[in-house]
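Visitor: The structure that follows is given in the form of structure tokens.
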Amino acid sequence: MYINEQRAAQVDFVPYLKIGTLVLVQAGNPAKITGRDDSLCGKTIAVTLGGIQETYARQDDKRCRDKGLAAINVMTLPTAQDSALTLRQGRADALFNATPGVVELMDKVPGVYAVAGAEFEANTQIGMAVRKGDTAMKSAVEAALKEIVADGSYKKLIETWKFPASVSLFE
């Protein structure tokens, strides 16, 4: 679960990953997008409604308009799958998605998409939520996590899922 202030007010977290966001484009990059930069101005970006990537796209739209450049059309869709399909069909020029989602998408449908630019906002933490104030449960989860990090299972899981090493909170 994404860790944010609102959620942390309701539950305690045991962080286990940090993730970023990538700009995904169609293979061949017909819109000539170079990353999270001015090349997005005037383009359509698909995002999942209510996700952190929607916030990033709206920030970029404001940045473009503040510079006097063409606005970004932020296209919100119900799911990440809908956003990916919209990009694939050419109804969007780019997709903002979390790094693990991009890795999975590119693995499942090779040759359809490409990454444009570097990962950004790469310190968003993912964690396991436990009942607020339940220190015994939190300690047990932390101990189990420490154990799988120590025995190499954590690193193996990251490799198995083809995540970049940058997602690790450990080592």
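Visitor: Taking amide hydrogens as modeled 1.01 Å from N in the peptide plane, which residues meet the under 5 Å criterion relative to T44, leaving out close sequence neighbours?
Guide: Answer set, sorted by chain and number: N73, D93, A94.
Visitor: Work out, in µm²/s and without decimals, the Stokes-Einstein translational diffusion coefficient of segment 49-99 at 4 °C, 1.567 mPa s, Rh from Kirkwood over C-alpha pairs.
Guide: 113 µm²/s
Visitor: Also, I was wondering about something else. Based on DSSP, what percent of beta bridges with both residues in the chain are antiparallel, to the nearest 5?
Guide: The answer is about 75 percent antiparallel.
Visitor: Right, something else. How tilted is helix 99-108 with respect to the longest principal axis of the chain? Cα atoms for both, answer in degrees (0 to 90, nearest 10).
Guide: Result, in degrees: 70.
Visitor: Could you please report the charge total around R7, scoring K, R as +1 and D, E as -1 over all other residues with beta-carbon less than 14 angstrom from its beta-carbon?
Guide: 0
Visitor: Let me ask something else about it. Diagonalise the Cα gyration tensor of segment 81-164 and give the resulting equivalent ellipsoid semi-axes, square root of 5 times each eigenvalue, largest first, whole Å.
Guide: 33, 16, 11
Visitor: When Lys and Arg each count +1 and Asp and Glu each count -1, what net charge do the other residues less than 11 Å away from A92, Cβ to Cβ, add up to?
Guide: Net of charged neighbours comes to +1.
Visitor: Quick one: 3J(HN,Hα) in Hz for segment 90-97, Karplus 6.51/-1.76/1.60 with θ = phi - 60°, rounded, Gly and Pro as x.
Guide: Computed from phi, the couplings for segment 90-97 are x, 7, 10, 8, 8, 9, 9, 8 Hz.
Visitor: All other residues with a Cβ under 15 Å from the Cβ of G35 taken together, and with Lys, Arg as +1 and Asp, Glu as -1, what is their net charge?
Guide: Value of the local net charge: -2.
Visitor: Given only helices, namely DSSP H runs of n ≥ 4 each adding -39500 (n - 2.57), what is the per-residue ellipticity at 222 nm of the chain, to the nearest 500 deg cm²/dmol?
Guide: Result for the chain, helices only: -11000 deg cm²/dmol.
Visitor: Still on this structure: Can you pull the Rg over Rh of segment 18-123, Cα-only, Kirkwood?
Guide: For segment 18-123, the value is 0.93.
Read-outs throughout are calculated quantities, based only on the coordinates presented, and are distinct from any laboratory measurement. In this text, all values refer to a predicted model and were calculated from it rather than measured experimentally. All Cβ positions, glycine included, derive from the backbone under ideal geometry; neighbour counts span all protein chains shown.
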